[in-house]
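Quick notes on the structure that follows.
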């Protein structure tokens, strides 16, 4: 099972904001795309539970899957899986796309335009997308005055199968570009890519993209190691669809989509590359039947895992550690969710335990973080929600 980003027609929420579940039984209509619930078993936010929030619809797009910010720019840049990068300012979507790859992308369930990031200086834009043959491209544009020009490919990865493409791009606190690539697809990692350091597949890469075509940081963990790709930062990943950096600590939070039993969230302390997250020796903390050689003794366990299939769970969507100021009680909690089940939770600081329910977003595809630290939730069915304190 991969991240089943289905391209079937989806029904979006028609109301601007929701703070409770709608009873649609017998109505013939789909439930709302976002609902919010109180945290904790008592329905009241306390010292050890997350606060109540609401999901306020901010914009409507076509299959939004990723969001990025640019330095000193109030615009939100949102990638649509269908191939367009859209500019959204104060909730208004600009008519003309910033970049339009819709005629060049592959359109499988886990393919298309998948990730977006801006260079810390704001002068360059990067997109992660799959071409018509299904292969991954990391492409750069010069960016100024709201326009993207001077396109060039930075990195290309041939994909053996159509699924498990990863897709996330993000600049870390060190100023380098981190790139998520899945294990190449099919099921069970048949090529053994997760544990193979001689391929980028099943890895998070770390590069300086301002090179010819890029530069490898000299302190990458596998630089100079025979038989290992120097671009690799972390390995042993199945399909790291989303990862984010804690704006306060610099730690990386990775959501790795599971095979058939466990979804997992991994935490990587700032600057600690070279970690092995276990796939395909393990799925979560559990030995994976049919996995590669080795006992997984050098692997790093996730901080959060939950069973696939239970309650409709299918694909973990990593969010952010909340560092905003508008939702008291959410500070330091990791906000994440599940694509199929739609729940959004806030894990306690450090990630121990599954966390408290914040609400539901149907077809949850990704999260975004504003300049002010406030969070957004993206739904593949179209809406982009701002997460706000409930009145």
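Taken together, the values in this text are just the output of simple stated rules run on the coordinates, not laboratory data. Quick caveat, the model's predicted, so the values are computed rather than measured. No Cβ is skipped: glycine too gets one built from the backbone with ideal geometry, and neighbour counts run over all protein chains shown.
Of note:
- Reducing the range 157-220 and the range 69-92 to their Cα centroids gives an inter-centroid distance of 24 Å.
- Within the listed set 225, 151, 54, the residue fluctuating most in the Gaussian network model of the chain (springs between alpha-carbon atoms under 10 angstrom) is 225.
- Selected from 342, 211, 167 as most flexible by GNM, with the chain as the system and alpha-carbon contacts under 10 Å: 211
- DSSP bridge pairs, the range 209-311: antiparallel proportion in percent, nearest 5: 95 percent
- Each listed q (0.13, 0.14, 0.21 Å⁻¹) maps to a log10 I(q)/I(0) for the range 122-201 from the Debye sum over equal C-alpha point scatterers, namely -0.46, -0.53, -0.98.
- R0 of 45 Å, Cβ-Cβ distance residue 208-residue 48: FRET efficiency to nearest 0.05: 0.60
- Taking all Cα-Cα distances within the range 162-237, those exceeding 20 Å account for 30%.
- Label of the coordinate-derived value, Cα extents along the principal axes in Å, listed as (1) 54, 45, 40; (2) 59, 50, 39; (3) 74, 46, 41: (2)
- Alpha-carbon centroid distance for the pair the range 247-289 / the range 330-347, whole angstrom: 16 Å
- Among 114, 237, 155, the residue with the largest mean-square fluctuation in a Gaussian network model of the chain, with springs joining Cα atoms closer than 10 Å, is 155.
- Quarter of Cα convex hull surface for the range 178-336, i.e. mean projection, nm²: 10.7 nm²
- If you plug the beta carbon distance of residue 225 and residue 147 into 1/(1 + (r/R0)^6) with R0 = 35 Å, you get a FRET efficiency near 0.25.
- Globularity index of the range 87-230, i.e. its alpha-carbon radius of gyration over 2.2 N^0.38 Å: 1.09
- Efficiency of FRET between residue 352 and residue 71 - r from beta-carbon atoms, R0 35 angstrom, step 0.05: 0.55
- Normalised by the number of residues in the range 68-337, the average gap of Cα pairs under 8 Å and 6 or more apart makes the relative contact order 11 percent.
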